[in-house]
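Next up is a structure, given as structure tokens.
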Amino acid sequence: MKGIKSSKIILENGVLEDRVILFEDKIIDIVSEKEYNLSTVELMDVGGSFVSPGFINIHVHGCSGYDFMDEEGLEEISNNLLKTGVTSFLATTMSLEFEKIERALRKIKDFMLKGRCKGLLGVHLEGPFISKKYKGAHDERFLIDPDFKLIEPYKDVIKIVTIAPELEGAEEFIKKCSKEGIVISIGHSGASFEGTLKAIEYGAKSITHTFNAMPQLHHRNPSVLGAAFTTDVYCEVIPDNIHIHPYLYEVLIRIKGKDRIILVTDSNRACLLRDGEYELGGQAITVKNGKATLRDGTIAGSVLRMNEGIRNFYKNTNLEIWEAVKLATINPARLLGIYDKREVLKLGKMRSFVSWMRN
């Protein structure tokens, strides 16, 4: 039996102090130091560090020099995401020729079938079914209208699709994906308020990087944001203090509540590396002072680490630390329908937890 001793263990509804987590394949018990036999436990003492559930990142393009659209590097990304506290993730694609997207999907499907990356939950297909006007860092040349036949061979590995619901064929696509258990997330979209509500009615459950790549809230055109704020859809947030002003973290909490916000990084291959010149979706990007941009200044993903994102969100809201951690563990697990299987420190749950420093 193995054990982790910590003065601060983050649970679903609070923080336990001075306890030991006993585990093998799953968590067996959480006890005081006096309640276990030291001779039978392989113990690791992490001192004053927090121990929390492993983080789930449902929107990440890569790190450490690799991108999920590359021919190789999937295992390297998985291993290096662990350094940021991420134990489960969705490999997120970019808009390229669909043949290249298919190649990435086949590679990821093969890795999942062979169990080569335990943290790989599937794919977040971000593009090519998005708006040209709100394309962000996606290459306009490869954007197309949604067609379920294109993704049908990979419906077992695609877990989320970002879509602009104003596109031709979106209604049928959303309904079909929802029927197949694929989460539809609205993003890179200029949809009207009414059009967004329709998409939610058809089955859309989430908003991709809320505030970014969409019209801003207007009193005569509430658009995507207005619909997001008045329904129970989940809202992704990139808490790097660059994509949105950190004051809005608290605003969003007050509007959406604690159970409908999901922290993501949208990080690119430059994450965990130095500032410099890189590539994203076939386009050159520059990372300077932690901000990634295309040559025209458009923000191109981030270099955010999930542990840093949680810290940023926590410091700029009135949340307790355990509440902030839920936004990167319990909430994404619920969106994906895997809450009963992982990412919460509870007896009998899957062994997936990390040690990290708050400050």
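No lab work stands behind these numbers, since they all come straight from the coordinates. Quick caveat, the model's predicted, so the values are computed rather than measured. Here the Cβ is made from the backbone with ideal geometry for all residues, glycine too, and neighbour counts use every protein chain on show.
To the nearest 10 degrees, how steep is helix 170-179 against the longest Cα principal axis of the chain, on a 0 to 90 scale?
It works out to around 30 degrees.
Count charges around CYS235 for me, please; just the other residues with Cβ under 12 Å from its Cβ, Lys/Arg as +1, Asp/Glu as -1.
+1
Check the chain for me: any Cys whose beta-carbon has no other cysteine beta-carbon within less than 4.7 Å?
Result for the chain is CYS117, CYS177, CYS235, no neighbouring Cys Cβ within the cutoff.
Taking K and R as +1 and D and E as -1, what net charge do the other residues with C-beta under 11 Å from the C-beta of HIS138 add up to?
Charge balance near HIS138 sits at 0.
Compute a Gaussian network model of the chain, connecting alpha carbons closer than 10 Å, and tell me which residue from ILE186, ILE174, ILE255 fluctuates the most.
Looking only at ILE186, ILE174, ILE255, the biggest GNM fluctuation is shown by ILE255.
For the chain, take the longest principal axis of its alpha carbons; what is the angle in degrees between that and the long axis of helix 193-202, to the nearest 10 within 0 to 90?
The angle comes out near 60 degrees.
If R₀ is 25 angstrom, what is the calculated FRET efficiency for the pair LEU82 and GLU24, using the beta carbon separation as r and rounding to 0.05?
With a Förster radius of 25 Å, E is 0.80.
Sorted by average packing, counted as other Cβ atoms within 10 angstrom per residue and highest first, what order do 324-333, 100-109 take?
Details: 324-333: 26.5, 100-109: 18.0.
Output ranking for 324-333, 100-109: 324-333, 100-109.
If we restrict to alpha carbons, what Rg and Dmax does the chain come to, in Å?
20.1, 69
May I ask for the net charge around GLY73, where only other residues with Cβ less than 12 Å from the Cβ of GLY73 are counted and Lys, Arg are +1 while Asp, Glu are -1?
Neighbourhood net charge equals -4.
On to the next question. Cross-link partners among lysines for LYS288, C-alpha distance below 19 Å, same-chain residues fewer than 8 apart left out?
LYS288 reaches no qualifying lysines.
Of the listed pairs LYS26/LYS159; LYS132/LYS198; LYS109/LYS256; LYS5/LYS109; LYS83/LYS149; LYS109/LYS133, which have alpha-carbon separations greater than 28 Å here?
From the list (LYS26/LYS159; LYS132/LYS198; LYS109/LYS256; LYS5/LYS109; LYS83/LYS149; LYS109/LYS133), the Cα-Cα distance tops 28 Å for LYS109/LYS256; LYS5/LYS109; LYS83/LYS149; LYS109/LYS133.
Report, for the chain, the % of DSSP beta bridges that are antiparallel, rounded to 5.
50 percent
Quote to one decimal, in nm, the extra length available between VAL251 and ILE144 on full extension: 0.36 nm per residue of separation minus the C-alpha distance between them.
35.1 nm
Measure nothing fancy, just the Cα-based angle from helix 247-256's long axis to the longest principal axis of the chain, in degrees from 0 to 90, nearest 10.
The angle comes out near 90 degrees.
Could I ask something else about it? Quote the relative contact order of segment 55-340 in percent (integer), defining contacts as alpha-carbon pairs under 8 Å separated by 6+ residues.
This gives 19 percent for segment 55-340.
Which residue fluctuates most in the GNM of the chain (Cα springs below 10 Å): ARG305, ARG260, ARG220?
Top of the fluctuation ranking is ARG220.
For segment 43-113 and segment 267-340, what is the separation of their C-alpha centers, rounded to whole Å?
Value for the Cα centre distance between the two parts: 13 Å.
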